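Shown next, in structure tokens, is the structure this report addresses.
The values are calculated or read from the model by the stated rules, or taken from the named source; none is laboratory data. Bear in mind the structure is a predicted one, so any value in this text is a computation, not a measurement. Here the Cβ positions follow ideal geometry from the backbone for every residue, glycine too, while neighbour counts run over all protein chains shown.
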Amino acid sequence: MFDDLSPSVHVHKRFGQEITLNYYPNEIAKECSLTKEMVVEGGYLTDWRCLSGFHYRSHRVGPSREIYRLRRGSELCGVIVYCYPSLSCSGRRLVLPKVSLKGLNIALSTIGRIVIHPKYRSIGLGTKLIRKTLPRIGTPNVEMIAVMAKYNPFAEKAGMKKVLEQKPSKTVLQVADVLTSLGFDLKLLGSQKHVAETLDRLSSEQLGELKNAFIKHSHPRFRKEISATCLMALQRRILKALRTQIWQEYLSSLRLLECCFKQKLICSGVSSVRLSVHDIPPVVEPSNLFSRLFLIDIQ
């Protein structure tokens, strides 16, 4: 711990008046001793899934090329996912000439995700994970798009070169101003609870202002997210309507069967018939609409 903290002044207090005062060069420790206990090795997609909840983009990654993990004994400390490059990327032309898709896959890999367990952050493991895996990936160029690198240049410390810093879009900034004026906290826009509570507090005029802001200041990311949300809502409505329709047809079929059994059994001298259904699924598909077991009680 002493080497990791690397103090410039060390006061050692013992018993009574026994005090020792030592001075050291005011230098920051280059490496935490814990990193010497960690091993970088080939990993799997399951390793990423184990730590994906600690990443701000925890959803599914694209097609992976290579995955490496950082391990301390049996404990998973970090994961890096190398992916195949996208068709286009801002700033890529500043480094690479225009090539075919096949040539692009040969010349370039992309760091799709890198995540460190919160227990081991702030000791340079992100830098170590990139530095140790860059020579293993097998492509002469590696590309990474990162938001957090603006605040922690761990990729540059690992030897990567900053090519371009993309400024926020004017339309996004204008929408952000509207959101701020309506009471949204821009730092909490990723919280569904915060967004839902703020929307509930807005009046109909404010909701109209918010809607007009998104319409006036259109952006591809907005259109993509809103379209995906609307599509999911439409799918839910269609599924609900389909489920209602199938269920009504299902009940009608039961009533028809019940009437048929009644007519047939009453003619045979049976007093009453009760027809019921067991094991009805939450969503009844047309294929198994009539594949359920009917229980017929004859009294």
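In the range 122-130, the count of residues that are surrounded by fewer than 18 Cβ atoms within 10 Å (Cβ to Cβ), among the hydroxyl-bearing types (Ser, Thr, Tyr) and more than 19 Å from VAL39 (Cα to Cα) is zero. Return a yes/no flag: does the range 112-120 have any residue that is in contact with a strand residue (DSSP E or B) (Cβ under 9 Å, 6 or more places away or on another chain), surrounded by 15 or more Cβ atoms within 10 Å (Cβ to Cβ) and among the basic types (Lys, Arg). Checking the range 112-120: at least one residue is in contact with a strand residue (DSSP E or B) (Cβ under 9 Å, 6 or more places away or on another chain), surrounded by 15 or more Cβ atoms within 10 Å (Cβ to Cβ) and among the basic types (Lys, Arg). Quick check on the range 135-157. Is at least one of its residues at pLDDT below 90, surrounded by fewer than 13 Cβ atoms within 10 Å (Cβ to Cβ), outside the structural domain of SER86 (by TED's automatic domain parsing) and outside any helix (DSSP H, G or I)? No, the range 135-157 has no match at all.
Looking at the range 6-56, which of its residues are in contact with a Phe, Trp or Tyr (Cβ under 8 Å, 6 or more places away or on another chain), closer than 30 Å to GLU75 by Cα and without any contact (Cβ under 8 Å) to a residue 60 or more places away in the chain? Hits for the range 6-56 are SER6, PRO7, GLU41, GLY42, GLY43. In the range 87-105, the residue that is surrounded by the most Cβ atoms within 10 Å (Cβ to Cβ) out of those that are under 24 Å from LYS167 (Cα atoms) and of a type in the set (Gly, Ala, Ser) is GLY91. Screening the candidates LEU108, LEU5, LEU34 for the property of being more than 22 Å from the chain's Cα centre (by Cα) and loosely packed, with under 13 Cβ neighbours inside 10 Å yields one hit, LEU5.
Checked against the criteria, SER181 does not count as within 30 Å of ILE215 (Cα to Cα), modelled with pLDDT under 85, of a type in the set (Ser, Thr, Tyr) and loosely packed, with under 14 Cβ neighbours inside 10 Å. The set of residues in the range 15-49 that are assigned to a strand (DSSP E or B) and either touching a Lys or Arg at 6+ places or on another chain (Cβ under 7 Å) or on the phi > 0 side of the Ramachandran plot (or both) comprises ILE19, VAL39, VAL40, GLU41. One residue stands out among those in the range 198-218 that are over 30 Å from SER90 (Cα atoms) and loosely packed, with under 12 Cβ neighbours inside 10 Å: the one that is nearest to the chain's Cα centre (by Cα), which is ASP200. Report yes if some residue within the range 74-87 is modelled with pLDDT of 90 or more, in a helix (DSSP H, G or I), over 22 Å from the mean Cα position of the chain (by Cα) and among the hydroxyl-bearing types (Ser, Thr, Tyr); otherwise report no. No, that holds for no residue.
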